[in-house]
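Below: the structure, in structure tokens.
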Amino acid sequence: KMTQQMRDLQLAQARKPPGPSSPNAAKRLYRNLSGKFRVNYTSFDEGSLVGRGEKEKLRKSYLFQSNAALFEAVELQDLDRVQELLKQYSPEELDLNTPNSEGLLPLDIAIMTNNAPIARALLQAGAKESPHFVSLESRSLHLSTLVREAEQRVNELTAQVVNEAPNTDCSEKEKQLKAWEWRFRLYKRMKAGFEHARVPDAPSNVHLSVASSSSVQVTFWEPLSVNSAVVTKYKVEWSCSPTFSPPLGEAVIDKLKNLHFTIQGLVSGTAYYVRVSAYNMKGWSPPQASVPPFAIPSNWREYDGRAPRRRGQAEALDHLLGQVKTVHQHCVCHEPCKNQPQSRKHSVSKSLKHLFHPGSKFLKTLKRGLYLTAIFYKDDNILVTHEDQIPVVEIDDTYSCLLMQDFLWFTKVSCMWDEILWLRQCVTVSQSSCSCILQTRFKMLLAISQMQGLLGIQDLGQVFFEPVKDRQGNILIVTLKEVKTNQTFESVRWVPICKLQTSRKSVSSPEEPTALDTLLISIQDKLAYHQRSSHALSPGLYLGYLKLCSAVDQIRVLVPEQLPNILCHVKIRSNPNISREEWEWLQKMASVEEPVPAEPEADTSQNPFFQELQVAIRELMTLVNIPLQEAKDFRLYSQEVLDFGDKVSFLLLLPPSDDVCTAPGQNNPYTPRSGFLTLPLQIFELGEER
């Protein structure tokens, strides 16, 4: 059938004036003549082709067919098919912005038939209008030409069908006639859509905000009116004059996935006026001034000239670590401890022999003591030993209770997995003090080295925020790491997590499970915690809630389960910057002795920052289950804004001073709803740094 249609194509081309001579143009012309032709992807058997050249031809054929299918879907106004193709192929594979032989792009057809949903889908994918339409006159002339040529072709085919006797050729001409009649109606509909369209209304909700001490950001929405043609781009203009004379600059936005623009390179302390215009195929709309009408680039630090808190800290810490390494660079690994008891020397020596002995291997069962286990996972698979056990090595078989300070020290070591050998050297030299704490920590370093050697990898991942314990006296320190590449390890293999959980034979009772059984039962929760703790906040300004509770040996902080590396929080706005004016207002409010009234006064009701903050406080009180009437006793931390890079910043909401930290045995009258947990403060600080 396709061969016969191509013959008809050649005959049709002989009757038309000469057109584009490129192969792509010819293919598109064929596609245009076959308006009802739909691609059948399953008709190609890729497995039957031999050779790279044939596969490349098949790939190009797929891409050509996808381009033809996209044009057809747009012409038939098939939104589902358009979305399917945009999801399946990239813009380059679809040849999205290359005009066809009629000088049209898919977006041209969508906007001139006034199909707004398809036009928006194409714009989101990066589609553009045809570069052939440089003016209204050129577009009108082009459409008139397409309509005239299509009408002429319909008349020619009608005459041929009427005058020729019924035969096979006549039947094919009837098919061509139907295709051209359909295309004639399409071109007339496009021409009518263009003639009846009008310029768009101005954009709506044009909002201006201060992005930094040298930039402002403008956000806007589409025009409210839906009676005009689809908007395909916007223009942002800025000036130091409210009349925009002279203008300082402009920018055209044709990527419409996010309707915002940041104007960079401005002068701090200078007022800038901004306005935005919309464009469709009939031209530009009237400009819409922003609200507020101007903004002054600034940052809250300009209020008192404060330098960033972390400026130079990372460099200073690296320099300090280098100095410490220099002092210890000549120390001898495994230096014997002269003052320690004979039993301890024997224990250390035994540990060293076990580490480097060829028989060193993972443990199958636990005996009363302290152990290290490393969980590596990828998708739904987990690394296990050849005996289908989670990798476990012994730290100390005489250690019956893990002190919190030792555990927290281990979590800090997890930031230096590549420096374990050097740390062992330092701790070995320091063992002359015969400290039990140093002995335990040295054994921790030995166990880490053993785990790294058996797995053949240095980075063991992140430490879970609490060890796993059982009633038999076993304690498991758990590390978690997600493997995102096809990485191979020594002495271990991948198995599905569900298979490991169902196939493992428990050696304990359900009433008193061992630490390993407890770990296996709760492994999904631990993996979920690890994944959530690596999530980052979207850019913006947030209001965080600081709530602590103390125990005998630690302080814990309240965090949400979904983002355990961040305080409980709500988003105030998408702009993370607090301007100098906003910070001055906040300082003024903090200096007022009386509580902020529930009903805003006239001078604050028009303050957008006040309104944003008021909404955020109400939302945060609801989130942590605190009655709104108690908010009058809460305070905003007004000493500084917590900046996390350039894109995320926090204001802190503090309970009354007596309730910031709940003491042991003290009842908390307001218990947060489900979805929260408390982390040791040091663990939270490490997670925040990561």
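The values are calculated or read from the model by the stated rules, or taken from the named source; none is laboratory data. Owing to the predicted nature of the structure, the values given are computational and were not obtained by experimental measurement. Using ideal geometry, Cβ is built from the backbone for each residue, glycine included, and neighbour counts are taken over all protein chains shown. To get the accessible areas, we keep the full protein, side chains included, count just its heavy atoms, and leave off ligands, DNA and RNA. Shrake-Rupley method; radii C 1.70, N 1.55, O 1.52, S 1.80 Å.
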When every residue in the stretch 253-282 that is part of a loop (DSSP other than H, G, I, E, B) and either acidic (Asp, Glu) or open to solvent by 60 Å² or more (accessible area, probe 1.4 Å) (or both) is compared, the one nearest to Arg198 (Cα to Cα) is Asp254
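Would you say Arg198 is loosely packed, with under 14 Cβ neighbours inside 10 Å and either in a strand (DSSP E or B) or modelled with pLDDT of 90 or more (or both)? It would help to see each step written out before you state the result.
On the way: loosely packed, with under 14 Cβ neighbours inside 10 Å: yes; either in a strand (DSSP E or B) or modelled with pLDDT of 90 or more (or both): yes.
Judged against the criteria, Arg198 is a match.
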Screening Leu123, Leu76, Leu141, Leu85 for residues that are under 17 Å from Val231 (Cβ atoms), aliphatic (A, V, I, L, M) and at pLDDT 90 or above leaves only Leu123
Counted residues, the stretch 373-409 - those being crowded, with 20+ Cβ neighbours inside 10 Å and under 15 Å from Asp459 (Cβ atoms): 6
So, first residue assigned to a strand (DSSP E or B) in the stretch 283-309, second residue surrounded by 15 or more Cβ atoms within 10 Å (Cβ to Cβ) and of a type in the set (Phe, Trp, Tyr), Cβ within less than 8 Å, six or more apart or across chains; the pairs are Gln288/Phe220; Ala289/Tyr273; Ser290/Tyr273; Pro293/Tyr273; Phe294/Tyr272; Phe294/Tyr273; Ala295/Tyr272
Of all the strands (runs of 3 or more DSSP E) wholly in the stretch 495-561, which have at least 1 residues that are of a type in the set (Phe, Trp, Tyr)? 540-545
Residues (in the same structural domain as Met451 (by the TED database) and free of Cβ contacts under 8 Å to residues at least 40 places away in the same chain) located in the stretch 360-388: Asp379, Glu387
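Return the only residue of Leu558, Leu519 being assigned by the TED database to the domain that holds Arg471, buried (at least 17 other Cβ atoms within 10 Å of the Cβ), over 19 Å from the mean Cα position of the chain (by Cα) and touching a residue at least 60 places away in the same chain (Cβ under 8 Å).
Numbers: Leu558 fails: assigned by the TED database to the domain that holds Arg471.
Checking each option against the conditions leaves just Leu519.
Going by the conditions given, is Gln160 open to solvent by 80 Å² or more (accessible area, probe 1.4 Å) and not in a loop (DSSP other than H, G, I, E, B)? Write out each step before concluding.
Details: open to solvent by 80 Å² or more (accessible area, probe 1.4 Å): no; not in a loop (DSSP other than H, G, I, E, B): yes.
Against the criterion (open to solvent by 80 Å² or more (accessible area, probe 1.4 Å) and not in a loop (DSSP other than H, G, I, E, B)), Gln160 does not qualify.
Residue check: is Ala528 at negative phi and open to solvent by 30 Å² or more (accessible area, probe 1.4 Å)? Walk me through how you get there before you give the answer.
On the way: at negative phi: yes; open to solvent by 30 Å² or more (accessible area, probe 1.4 Å): no.
Considered against the rule, which asks whether it is at negative phi and open to solvent by 30 Å² or more (accessible area, probe 1.4 Å), Ala528 comes out as no.
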Which residue pairs have Cβ atoms closer than 9 Å, lie 6 or more positions apart in sequence or on different chains, and pair a first residue in the stretch 70-88 that is more than 15 Å from Leu123 (Cα to Cα) and touching a residue at least 12 places away in the same chain (Cβ under 8 Å) with a second residue that is among the charged types (D, E, K, R) and open to solvent by 40 Å² or more (accessible area, probe 1.4 Å)? Glu72/Lys36; Glu72/Arg38; Glu72/Asp78; Ala73/Asp80; Ala73/Glu84
Residues Val267, Val199: which one is of a type in the set (A, V, I, L, M), touching a residue at least 24 places away in the same chain (Cβ under 8 Å) and under 29 Å from Trp583 (Cβ atoms)? Val267
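Taking the stretch 613-633 only, how many residues are closer than 20 Å to Leu208 by Cβ and touching a residue at least 60 places away in the same chain (Cβ under 8 Å)? Write out each step before concluding.
We begin by selecting, within the stretch 613-633, every residue closer than 20 Å to Leu208 by Cβ; these are 613, 615.
Add one more test, that the residue is touching a residue at least 60 places away in the same chain (Cβ under 8 Å), and what stays is 613.
Matching residues across the stretch 613-633 total 1.
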Confirm whether Val552 is in contact with a Ser or Thr (Cβ under 9 Å, 6 or more places away or on another chain), β-branched (Val, Ile, Thr) and not assigned by the TED database to the domain that holds Tyr377. no
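Across the stretch 203-226, what is the number of residues that are part of a loop (DSSP other than H, G, I, E, B), surrounded by fewer than 23 Cβ atoms within 10 Å (Cβ to Cβ) and in contact (Cβ under 8 Å) with a residue 60 or more places away in the chain?
4
Condition check ((1) of a type in the set (Val, Ile, Thr); (2) within 31 Å of the chain's Cα centre (by Cα)) across all residues:
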site	(1), (2)
Phe71	no, no
Asp78	no, yes
Lys87	no, yes
Asn97	no, yes
Glu102	no, no
Ile109	yes, no
Of (1) within 31 Å of the chain's Cα centre (by Cα); (2) touching a residue at least 40 places away in the same chain (Cβ under 8 Å); (3) open to solvent by 60 Å² or more (accessible area, probe 1.4 Å), Glu250 fails just (2)
